[in-house]
Amino acid sequence: MTGTRPLDAVARVRRVHEDAAARELAAAQERARAESARASELLGYLHEYEAAPVRASAQWLANRTVFLGRLQEAVRAQAARLQQAEAAVEACRTRYMLARQDRDVLDRLQAGYQRAADHEARRRAQDALDDWAGSRCRASA
């Protein structure tokens, strides 16, 4: 029984698919880390400017208010990008897990076919030995 031969090509395709899913997951995780670092950096800037001492100039206060408003908007926008990046990581993780599960199922199927082929080969070898022993026994009788 050569049931594993046709599955070899499918197994290679499944492994390539799993490897691609793993690379996509790693890239998505890296993008999420970069977005998280950028969010932390912007939040740090926001806290730094909010904690800065206030000067008495009306122009300075107006500029500070505008700048803080823009910085807060940047923090909100970055939080949204971070959330999107984390959602992308989860989607990639799901695709990777499905690809890995597909490959595992195929590996188990191949192993089952191989066990059946090995069993059939042992059975044929035993049949040949039984036939040889039977012919020897009949020849001596």
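When the range 104-130 is filtered for residues that are over 30 Å from residue 17 (Cα atoms) and of a type in the set (A, V, I, L, M), the ones remaining, listed by number, are 121, 125, 128, 129. Checking each residue in the range 54-72 for being exposed (fewer than 11 other Cβ atoms within 10 Å of the Cβ) and either closer than 23 Å to residue 43 by Cβ or touching a residue at least 40 places away in the same chain (Cβ under 8 Å) (or both) picks out 54, 65, 66, 69, 70.
When the residues of the range 92-105 are filtered to those that are without any contact (Cβ under 8 Å) to a residue 24 or more places away in the chain and within 20 Å of residue 30 (Cα to Cα), which remaining residue is most open to solvent (accessible area, probe 1.4 Å)? Going through the qualifying residues, I end up with 97. Does residue 136 meet the test of being in a helix (DSSP H, G or I), touching a residue at least 60 places away in the same chain (Cβ under 8 Å) and open to solvent by 80 Å² or more (accessible area, probe 1.4 Å)? No.
From 28, 39, 79, 22, grab the single residue that is touching a helix residue (DSSP H, G or I) at 6+ places or on another chain (Cβ under 7 Å), in contact (Cβ under 8 Å) with a residue 12 or more places away in the chain, in a helix (DSSP H, G or I) and open to solvent by 50 Å² or more (accessible area, probe 1.4 Å).
None of the others qualify; the one that does is 79.
Within the range 42-53, being open to solvent by less than 60 Å² (accessible area, probe 1.4 Å) and at pLDDT 90 or above holds for 42, 44, 46.
Residue-level analysis places residue 71 among those that are assigned to a helix (DSSP H, G or I), farther than 30 Å from residue 124 by Cβ and of a type outside the set (Asp, Glu).
The values are calculated or read from the model by the stated rules, or taken from the named source; none is laboratory data. Remember, predicted model here, so these are calculated numbers, not experimental data. FYI the Cβ positions are ideal-geometry reconstructions off the backbone, even for glycines, and counts take in every protein chain you see. Accessible surface areas use protein heavy atoms only, side chains included; no ligands, DNA or RNA. Shrake-Rupley method; radii C 1.70, N 1.55, O 1.52, S 1.80 Å.
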